[in-house]
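Here's the structure, in structure tokens; my notes come after.
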């Protein structure tokens, strides 16, 4: 009986705090993508969108930050990726495969190029889609999120 009471007392002293969605504080982060490699930038963004850079990370909650990326047109493509790396999509119709090189994709819509890369690094589930919505990418250095006071970080 005495050992049972000791276990009960000990278990109440060492209770684990479970993080709840309403306790999470999300910041706005600004990243200048000029001269940064596409893969390195995308992996760092995916890491921060998930919230893995925070000490209170929980895999089942959305505790990542909002990420604003500027100068996406100046992202660095190393090696032969400009012409050799292709992005494929399918229209859903027979023979409807479309391809575009990353060089053309960067000229046409640089924001889409980065979003595709980050999407591939996130979970393919509803939480991954929530994470991706918090990524805001702009081709030049103008963005409409100045009111949110994003904190600029260097990668």
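Below, the figures for the structure above:
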read-out: Selection from the range 31-50 of residues that are outside any helix (DSSP H, G or I) and surrounded by fewer than 20 Cβ atoms within 10 Å (Cβ to Cβ); value: 32, 34, 35, 36, 37
read-out: Residue match in the range 68-82 (condition: touching a residue at least 12 places away in the same chain (Cβ under 8 Å), in contact with a helix residue (DSSP H, G or I) (Cβ under 9 Å, 6 or more places away or on another chain), more than 23 Å from residue 106 (Cα to Cα) and not in a loop (DSSP other than H, G, I, E, B)); value: no
read-out: Count of residues meeting criterion [in contact (Cβ under 8 Å) with a residue 40 or more places away in the chain, under 14 Å from the mean Cα position of the chain (by Cα) and over 12 Å from residue 70 (Cα atoms)] in the range 126-154; value: 5
read-out: Flag if residue 99 is exposed (fewer than 12 other Cβ atoms within 10 Å of the Cβ) and outside any loop (DSSP other than H, G, I, E, B); value: yes
read-out: Every residue from the range 124-140 that is exposed (fewer than 14 other Cβ atoms within 10 Å of the Cβ) and part of a loop (DSSP other than H, G, I, E, B); value: 124, 125, 140
read-out: Criterion (touching a strand residue (DSSP E or B) at 6+ places or on another chain (Cβ under 7 Å) and either at pLDDT below 95 or surrounded by 15 or more Cβ atoms within 10 Å (Cβ to Cβ) (or both)) met by exactly one of 150, 110; value: 150
read-out: Residue 133 vs. criteria modelled with pLDDT of 95 or more, touching a helix residue (DSSP H, G or I) at 6+ places or on another chain (Cβ under 7 Å) and under 30 Å from residue 18 (Cα atoms); value: no
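Yes/no per residue for (1) within 19 Å of residue 154 (Cα to Cα); (2) modelled with pLDDT under 95; (3) within 15 Å of the chain's Cα centre (by Cα):
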{"position": "24", "(1), (2), (3)": "no, yes, no"}
{"position": "29", "(1), (2), (3)": "yes, no, yes"}
{"position": "36", "(1), (2), (3)": "yes, no, no"}
{"position": "45", "(1), (2), (3)": "yes, no, yes"}
{"position": "66", "(1), (2), (3)": "yes, no, yes"}
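The values are calculated or read from the model by the stated rules, or taken from the named source; none is laboratory data. In this text, all values refer to a predicted model and were calculated from it rather than measured experimentally. Please note: Cβ atoms are built from the backbone with ideal geometry, for glycine as well, and neighbour counts cover all protein chains shown.
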